[in-house]
2 protein chains.
Amino acid sequence: MAKLISRKEDYNKWYNELVQKADLAENSGVRGCMVIKPYGFAIWEKMKDELDRKFKETGHTNAYFPIFIPKSLFEAEEKNAEGFAKECAVVTHYRLKNDPGNPQKLIVDPEARLEEELVVRPTSEAIIWNTYKSWIQSYRDLPVLVNQWANVVRWEMRTRFFLRTSEFLWQEGHTAHETREEALEESKKMLEVYADFVENFMAIPVIRGIKSPSERFAGAEETFCIEALMQDGKALQAGTSHFLGQNFSKAFEVKFLNREGKLDHAWGTSWGTSTRLMGALIMTHSDDRGLVLPPSLAPIQVVVVPIFKGEDQREEIEKMGRKIAERLEKKGISAKFDTDKHNKPGWKFAEYELKGIPVRITLGAKEIENKVVEVARRDTLSKEIIPMDTVDAYITTLLDTIQKNIYKKALNYRNARITEVNTYEEFKRVLEEKGGFISAHWDGTEKEEEQIKNETKATIRCIPLEVKSETGISLISKTPSDKRVLFAKAY
Amino acid sequence: MAKLISRKEDYNKWYNELVQKADLAENSGVRGCMVIKPYGFAIWEKMKDELDRKFKETGHTNAYFPIFIPKSLFEAEEKNAEGFAKECAVVTHYRLKNDPGNPQKLIVDPEARLEEELVVRPTSEAIIWNTYKSWIQSYRDLPVLVNQWANVVRWEMRTRFFLRTSEFLWQEGHTAHETREEALEESKKMLEVYADFVENFMAIPVIRGIKSPSERFAGAEETFCIEALMQDGKALQAGTSHFLGQNFSKAFEVKFLNREGKLDHAWGTSWGTSTRLMGALIMTHSDDRGLVLPPSLAPIQVVVVPIFKGEDQREEIEKMGRKIAERLEKKGISAKFDTDKHNKPGWKFAEYELKGIPVRITLGAKEIENKVVEVARRDTLSKEIIPMDTVDAYITTLLDTIQKNIYKKALNYRNARITEVNTYEEFKRVLEEKGGFISAHWDGTEKEEEQIKNETKATIRCIPLEVKSETGISLISKTPSDKRVLFAKAY
């Protein structure tokens, strides 16, 4: 197992190597699509289970809608259609046939052309609101609180593991409400569900905010987002929650009899997180030795490695090692006893570090004699000698400590990289030299936003929800502004 | 809520009405694709969770592979390609653009034609074995035990809720092994996992068997299956497990260094169950009043309905009803307290029967006075009066009794509909008058099988695994045969 390139040397290469060497994902035979390998998928499953639990706790149920959207439905909400038309996979035929010129080969059967083309869903508002039309007749049918776990396709020319792939996995919540206020509240509530999950479960600090109009979801009236900061100083959008107003209910004629007995259009929200969060996870915590996983997401939280010289030591050490792993499992800790007879301890240590296992317990003849074990932390790389009979209590506390420490480390890193600037010169210098979030005044126009983007590649990540009112002048047009927004280069 | 048509009157119509009225699924705006509604999806989630647990218990891990298969990969295993080519959705373009003649409309952008067409996966052997090529180098990399939960697409001209839809949800296990024996053992083991799940969790008795060559999975050497019997006397294949031999490892050049240091092709299996199981569930247990759900699959196992005349009774009855629901929840029973103020008890009872809730508890002023509740069973439609303070213990036992009773009822029904026949005349008469499985001698040829199918629409469902050796002569060619096989009309 060759070492990873360092983050300093080449951050992008480090990321790509890490994803592949840690067995998270690999490229597939299909351009732009990846294979999520068992270890990577086990982490995603943990994320999925926790998010799903939170959705259900907040009153949502899952359902499933077709992957295909007929072109005529796709067109119905204009802005949404325009936003996704340029990157969608289109099914035009429903049959292959043998190539008459080469019987081993197949060709598209020209006689099996669809009357209407089908778009592979890039997002499901269109098909779902078309369905809601028959679900919603009266205020008594509201709210509709539905979520879907699904694959979606957005054709990408330049792809990157987890962050940007043509097909990705996600969840998309789609809700319908009686009033504007209720829908707005729902979209804010789900933003908070995301923020809570990403901060406390993934140990990634986020800034809650609102997107500028140009960065809004196509078809939304307002897009709320959570933004995280990666170790290379670039931002990453970790989840979005959209207030759709009545855009989709009008496009799909979803009307209901309200409490006053009048017909009204339902108010909508949609909100999503995706396998992109895997990218955020990897880039927030990992180091040059490999992954660093917060215990709450680690498929294996503790690995117990026996170390013996010769067969005569083996039996006792293995017996004790297995016993420790069992004791941990009884405490609800996911522990693996290493049975690999093939590789040397040094190789194994490096491998478990690469995979981000939060805690490694080692025991050999000396430890058995002294009734202790060696406990190594992946996050700090520190080691301690712990009495064997207290190991399960110690590890229980330690996993909690690690979870908090990883978060705190990321928080300190992020907080040190929010820089207030007051001039465009300063903006460009900070962006170049330090990166991170830049807090600056903006005149509220797309023109200024666009110019900054073109000249620096930085975009407005969000207008933070908890922004303080402050008088200032904007970077380029020098127009008065009453609050700062956050800029950054972003994934 | 209008009543369902009866099964006797029109079984197909009964099924379609039931699926829609019980809120399991509905048709979508896409031909051949359905929407799985929240109630239906909640049942599917329970099935999924239990199957997933069983897969993990038997050493499998989940992963995710692309939904698209490039045509050239799809072609590689010839039989597999031939088997699915006629019914696959093909992506040919990756962009839409505004229609120059009608700017509100979108058309496929002819300039965004893919160099190579992509098939939407009808099954994933091709893309997965193409991936395994790089995973498998040595016997130490084996076995590979991977499962995927995914959507697949097989273009269907005539569709039916859950049983036959163009898109459906399923799981597909794909394993690779060192030896023929090990792969064969795996495919049998997974058949047993399916049989155990379907019988004990879904309460549907199945017959374990082997498919005749003509009914085999395209690309398999042997297909094992479990076959269930529906209430109209038609069979339904509830799961299949395929021994693939070296067909895919040869097509995709998956070679490994074996224990003797020689290069060998890996041995494969694949196995799948799908949302089709929802159809089996509905058609096995339900009656003219609606769904009958086994408790292990019911999203709500017990509903508590308070009945009061006037507001003065309401408070006490509701308080007691909620308390009962809470006591049940504490026992791990999923209980719903009915808070609907809008509908009459009679309507509610019919609605909960339609939805298949296994147990209904009713309590009113009289019950409160006598410290009892009325307990109604969905499966037998019987009612009992139970002392209030023993209700949680009583219900715990009752749910178990219901689970077993539903299975037993289905088993008796099925067993009464396996008929041994010795002549083709008898075969046709039984098929016409009684239906069910017909146990008969077959000469082992595709010719006889085909003739029977063409003349009667019955197919060989399986050669049962536990078949006794018995000398006889086949139905049409009158050739000696040493065992009976099972025929039936099938979904």
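Where a number appears in this text, it was derived from the coordinates with a stated rule and is not lab data. Note that the coordinates shown come from a computational prediction; the quantities given were computed from them, not determined experimentally. Virtual Cβ from ideal backbone geometry, glycine too; neighbours counted across all protein chains shown.
Along the Cα→Cβ direction, 7 angstrom out, place labels at residue A:451 and residue A:319. What is the inter-label distance in nm?
The two pseudo-label positions are separated by 7.9 nm.
Computed FRET efficiency, Cβ-Cβ of residue B:415 and residue B:350, R0 22 Å: what is it to the nearest 0.05?
My answer for the efficiency is 0.10.
Please order A:92, B:165, A:397 by the number of other Cβ within 10 Å, starting at the fewest.
Starting with the residue having the fewest Cβ neighbours, the order is A:397, A:92, B:165.
Size of the dipole of the range A:234-343 about the Cα centre, Lys and Arg at +1 and Asp and Glu at -1 on the beta carbon, nothing else charged, in debye to 20?
380
How large is Rg/Rh for the protein assembly as shown, to two decimals, with Cα atoms and a Kirkwood Rh?
With Rg and the Kirkwood Rh in hand, the quotient comes to 0.98.
Measuring from centroid to centroid over Cα atoms, what is the spacing of the range B:419-477 and the range B:376-405 in Å?
Distance between centres, Cα-based: 42 Å.
Take the residue pairs B:48/B:250; A:336/B:262; A:48/B:54; A:56/B:330 and return only those whose Cα atoms are more than 26 Å apart.
Too far apart for the 26 Å limit: B:48/B:250; A:336/B:262.
If you plug each phi of the range A:134-150 into the Karplus form 6.51 cos²θ - 1.76 cosθ + 1.60 with θ = phi - 60°, what whole-Hz ³J(HN,Hα) values come out, in order, with x for Gly and Pro?
8, 8, 10, 10, 9, 4, 5, 7, 10, x, 9, 10, 10, 10, 9, 9, 7
Which residues does the label zone of residue B:483 cover in the range B:213-236, counting backbone N under 14 Å from a point 7 Å along Cα→Cβ?
Residues passing the 14 Å test: B:213, B:223-225.
Quick one: B:324, A:357, fewest Cβ neighbours within 10 Å first, how do they rank?
Listed from fewest to most nearby Cβ atoms, that is B:324, A:357.
Applying 1/(1 + (r/R0)^6) with R0 = 45 Å to the Cβ-Cβ distance of residue B:341 and residue B:408, what FRET efficiency is obtained, to the nearest 0.05?
0.70
State to the nearest 20 debye the size of the charge dipole of the range B:192-272 about its Cα centre, where the only charges are +1 on K and R beta carbons and -1 on D and E beta carbons.
The calculation lands at about 260 debye.
Taking a label point 7 Å out from Cα toward Cβ, give me the nm distances from residue A:450 to the same spot in the other copies, shortest first, one decimal.
6.7
Name the residue from A:410, A:375, A:349 whose Cα lies farthest towards the positive end of the charge dipole of the range A:305-435, charges +1 on Cβ of Lys and Arg and -1 on Cβ of Asp and Glu.
Checked the options; the winner is A:410.
For a quick check: with amide H placed at 1.01 Å from N, whose amide H comes under 5 Å from residue A:99's, ignoring anything fewer than 5 positions away on the same chain?
Close amide H contacts, sequence-distant or interchain: A:105, A:106, A:107.
Taking a label point 7 Å out from Cα toward Cβ, give me the nm distances from residue A:339 to the same spot in the other copies, shortest first, one decimal.
5.0
In what order do B:461, A:164, B:31 fall by count of nearby beta-carbon atoms within 10 Å, going from fewest to most?
A:164, B:31, B:461
Would you work out which of B:298, B:284, B:237 lies farthest towards the positive end of the dipole of the range B:180-309? Charges go on Cβ: Lys and Arg +1, Asp and Glu -1.
B:298
Please give the Cα centre distance for the range A:192-216 versus the range A:29-89, rounded to the nearest Å.
Each part's Cα centre sits 18 Å from the other's.
Using a 10 Å cut-off on Cβ to Cβ distances, tally the other chain neighbours for every residue of A:22-30 and report the average as a whole number.
Averaged over the peptide's residues, the number is 5.
Can you compute the modelled spin-label distance between residue B:57 and residue A:157, with each label point 7 Å from Cα toward Cβ, in nm?
For the pair residue B:57/residue A:157, the computed spacing is 5.2 nm.
Tell me, how many Å apart are the Cα centres for the range B:112-178 and for the range B:223-300?
13
Please get the size of the charge dipole for chain A, origin at its Cα centre, with Cβ charges of +1 on Lys and Arg and -1 on Asp and Glu, quoted in debye to the nearest 20.
1040
Could you tell me which of the pairs A:348/A:404; A:434/A:457; A:37/A:355; A:428/A:478 are separated by over 18 angstrom between their Cα atoms in the structure shown?
Exceeds cut-off: A:348/A:404.
How far apart, in nm, are two points set 7 Å out from the Cα along the Cα-to-Cβ line at residue B:116 and at residue B:189?
Label at residue B:116, label at residue B:189, 3.4 nm between them.
Compute the FRET efficiency between residue A:400 and residue B:99 as 1/(1 + (r/R0)^6), taking r as their Cβ-Cβ distance and R0 = 56 Å, and round to the nearest 0.05. If you can, show how the numbers build up before the last one.
Working: r = 59 Å, r/R0 = 1.05.
Efficiency computed from Cβ-Cβ geometry: 0.45.
Hey, if you put +1 on the Cβ of every Lys and Arg and -1 on every Asp and Glu Cβ in the protein assembly as shown, which of B:200, A:4, A:325 ends up farthest toward the positive end of that dipole?
Selected residue: A:325.
Test of the criteria: in the range B:8-76, which GluC sites (Glu not before Pro) are in a DSSP loop and have at most 13 other Cβ atoms within 10 angstrom of their Cβ?
Working: sites: B:9, B:17, B:26, B:45, B:50, B:57, B:75; in loops: B:9, B:75.
Filter output for the range B:8-76: B:9.
Can you give the angle from 0 to 90° between the axis of helix A:345-354 and the longest principal axis of chain A, with both taken from C-alpha atoms, to the nearest 10?
20
Just to confirm the numbers: residue B:57, label point 7 angstrom along the Cα-Cβ line, distances to the other copies in nm, shortest first?
Spelled out, the distances from residue B:57's label point are 2.8 nm.
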